[in-house]
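Down below is the structure, laid out as structure tokens.
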Amino acid sequence: MVRHFLDVDDLSVAELHEVLDTAAALKAGEYDTAPLAGESLTMVFEKPSTRTRVSFETGMTSLGGHAVFLGPDDIGLHGREPIKDIARVLSRYGSATMVRLFDHADAEEMAAYATAPVINGLTDDAHPCQTLADLLTIRDLFGDFDAEVAWVGDGNNVAQSFAVGAAMVGLDLTVATPDGYELDDEVLNRAAEYEGTVTTTDDPGQAVADADVVYTDVWISMGEEDRREQKLSAFDGFQVNAELVGDDAVVMHCLPAHRGEEITDGVLESERSVVWRQAENRKHAQCGLLVELLG
Ligand code: CP
Ligand code: NVA
């Protein structure tokens, strides 16, 4: 059976820890092996990217393999060719296909037809590769997962995958979102199957009160530009700034950041911000995943 990675709970808890262990080992050993020599990863992007594209591309090179970038103008999803055809063709060239798409159902369709693993590099609903890097970062910082984490902001793709992944490793997570921007009930139900707890609130102060980690993401995600005014007003009071964060917690952000909106420049640039380590860990975490799926 083909193993896909459309969200973080496509891995078992044991496999998730295995991916993080491999990621940490690769990071420490500076990639002196070539476990994916001769393998190729095809990558289909409907949306822009810095971290996802470059971390997968350099990651494949570091593992001895190769990555092929296909942007919106190359492949013409929904226009030039249907997804089900693209899925079957790309599976015959590469060992896996990474997709960054708008509609999560399109990633599911890709997986339904692909005969090689499909890896979700972000859809409107989920960003599980980001979660792998986030968990690796928290493990780097605390040695394990004995930490209280607060999510402050939108209950978006990044938040949804993170909530499930956090629950899988046993973190205690409090999610503060404004009315109308909560995590999906379906996501909360999936998270509830695991050891960690996910508590929800509409009060950012309550979420961060005991937090060791405060995590946020943009309020206006890719594709939501026309909802800007409505969302800016809904998220009033949810900015991660010095007053909210206090003196103790570290601050995470998946990037790109919109300074002055969901986070202040001062907090993002402060010593408590671990965003660059988090971005670097995208590469190590995804290499761990690629070895798990293809190695
Ligand atoms: N965090 C993240 O996925 O960044 P990109 O959109 O630049 O890939
Ligand atoms: N929520 C953001 C994440 C970007 C990595 C978006 O979807 O645009």
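Nothing in this text is a laboratory measurement; each read-out follows from the coordinates by a stated rule. Since the structure is predicted, the reported quantities are computational estimates derived from the model, not experimental observations. Cβ coordinates were reconstructed from backbone atoms using ideal geometry, including for glycine residues, and neighbour counts include every protein chain displayed.
A few points about this structure:
- From its DSSP helices (H runs of at least four residues, each -39,500 (n - 2.57)), the chain gives a residue-normalised ellipticity at 222 nm of -12500 deg cm²/dmol.
- Extension gain from Ala37 to Met222, taking 0.36 nm per residue of separation minus the Cα-Cα distance: 63.2 nm
- Choice from Arg139, Arg228, Arg190 showing the highest fluctuation, given a GNM over the chain with Cα pairs closer than 10 Å: Arg228
- Of the GluC sites (Glu not before Pro) in the range 22-108, the ones in a loop by DSSP (not H, G, I, E or B) with at most 14 other beta carbons within 10 Å are Glu30.
- Percentage relative contact order, the range 54-209, counting C-alpha pairs under 8 Å, at least six apart: 15 percent
- Three-way shape label, the range 220-295, alpha-carbon gyration tensor, a/c 1.5: oblate
- Each label was represented as a point 7 Å from its Cα along the Cα-to-Cβ direction; for Glu195 and Ser12 these points are 1.5 nm apart.
- Size of electric dipole in the chain: Cβ of Lys, Arg +1 and of Asp, Glu -1, about Cα centre, debye, nearest 20: 1360 debye
- If only the Cβ of Lys and Arg carry +1 and only the Cβ of Asp and Glu carry -1, the dipole of the range 59-114 around its Cα centre is close to 220 debye.
- Computed over the range 136-295, relative contact order equals 22 percent, with contacts defined as Cα pairs under 8 Å that lie 6+ residues apart.
- The range 40-137 - percent relative contact order, Cα under 8 Å, separation 6 or more: 28 percent
- About the Cα centre, charge dipole magnitude for the range 200-281 (Lys/Arg +1, Asp/Glu -1 at Cβ), debye: 200 debye
- Packing, taken as the mean count of other beta carbons within 10 Å per residue, orders the peptides 211-219, 149-157, 72-80 from highest to lowest as 149-157, 211-219, 72-80.
- Measuring r between the beta carbons of Asp265 and Arg88 and using R0 = 30 Å, the FRET efficiency lands at 0.05.
- Under the simplified labelling scheme, the Asn241-Thr50 pair shows an inter-label distance of 2.4 nm, with each label point 7 Å from Cα along Cα→Cβ.
- Of the DSSP H helices in the chain, those with a Cα length along their own long axis of 20 Å or more and a mean Kyte-Doolittle hydropathy reaching -0.5 comprise 13-29, 128-142, 275-294.
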